[in-house]
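Working notes, structure below.
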Amino acid sequence: MKHIYPVIAAALAFFGTACTDTTQPAPQRVFPRISIVSQNSDIADVTVELEGNDGNLVSGAVVLVSNSVNGVLKCAYDSSTGAYHTRYPIPADGLFNIYINSVLSSILTYNIVHQQITTKPVITVFEDSGGSSVLLGQRLSSVRDIQLGWVSCGEGIVYQVTVKDALRTLYQASTEGLTHIIPGGTLMATPGSQIYNVQITAQQISGDPFFLRSSYYSAAIQPGETLSFNVQ
């Protein structure tokens with residue numbers, strides 16, 4: 001892990017007061033795409049891609065990440081991806097401060113909240129509408145609705161329900177609730193020893209993953225356990 005250095009007063013004065021975007025009057029000629037992603041970890045991957053107004057990637061900028069207790073890391077430029085990258089411990093308050101300094105623009109400052117998901121979405125209900133339950137070791141009906149329920153991982157969480165066989169994804173849906181119903185007839189009966197696998201994944205997402213409406217994307221991901229089951 002790289003060492004996190006304290007930010008001295010001179011450095012803070014250099015970068016200015018934290019704000020959502022730069023308020024300095026010089027025209028912006030570099031456009032960032034910032035992503036902060038963590039998966040089942042208290043360490044986040046921070047990636048910053050910079051594009052000039054001519055459409056070319058910018059490689060000579062200084063990109064720093066800091067937190068509310070003034071720890072700072074420099075993002076290294078990776079020529080293979082054309083982006084700046086570092087791994088950074090998720091602060092207790094989830095606040096990441098991104099500073100971008102380039103000759104093409106004024107200093108840009110972005111404050112992005114990224115909260116770690118610490119609870120797994122443990123499945124507590126897994127049964128068909130006839131009452132057969134996977135949690136009791138029973139096979140489910142292929143023609144009846146299948147209900148899933150799980151524990152909460154916190155506020156503002158989106159849960160993704162995924163069902164796979166050995167080769168591919170057969171069903172996938174997202175919900176902000178703590179239950180989901182797979183309609184009857186979605187899954188075919190499993191012959192012999194063939195099984196399906198279901199997993200609930202908790203996600204806390206902000207920004208825009210396509211960077212069309214926002215210059216940043218934040219995703220904290222916490223995969224739950226995988227349960228195997230049969231359908232008859």
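All of the numbers you see were taken from the coordinates with simple rules; none came from a lab. In this text the structure is predicted, and so the values were computed from the model without any measurement.
In the chain, what percentage of the DSSP-assigned beta bridges are antiparallel, given to the nearest 5? Let's see the in-between values first.
Working: 69 of 76 bridges.
Counting only bridges with both partners in the chain, antiparallel ones make up about 90 percent.
Distance between the C-alpha centres of the stretch 164-225 and the stretch 41-63: 29 Å, rounded to the whole angstrom. In the chain, helices alone account for a calculated mean residue ellipticity at 222 nm of -1000 deg cm²/dmol, with every DSSP H run of four or more residues adding -39,500 (n - 2.57). Sequentially through the stretch 65-80, phi angles give Karplus couplings (6.51, -1.76, 1.60; θ = phi - 60°) of 10, 9, 10, 6, 9, 6, x, 9, 10, 8, 7, 7, 7, 10, 5, 6 Hz, Gly and Pro residues having no value and appearing as x. For the stretch 95-110, 3J(HN,Hα) computed residue by residue from phi via the Karplus equation (6.51, -1.76, 1.60; θ = phi - 60°) reads 8, 9, 9, 10, 10, 10, 10, 9, 5, 7, 7, 5, 5, 9, 10, 10 Hz, glycine and proline entered as x.
Expressed in nm to one decimal, what extension gain is obtained for the pair Asp93 and Leu136 from 0.36 nm per residue of sequence separation less their Cα-Cα distance?
Working: separation 43, 0.36 × 43 = 15.48 nm, distance 4.04 nm.
Net length gain for the segment: 11.4 nm.
Note on the chain: with a GNM built from Cα contacts shorter than 10 Å, the maximum mean-square fluctuation among Ala202, Ala219, Ala173 falls on Ala173.
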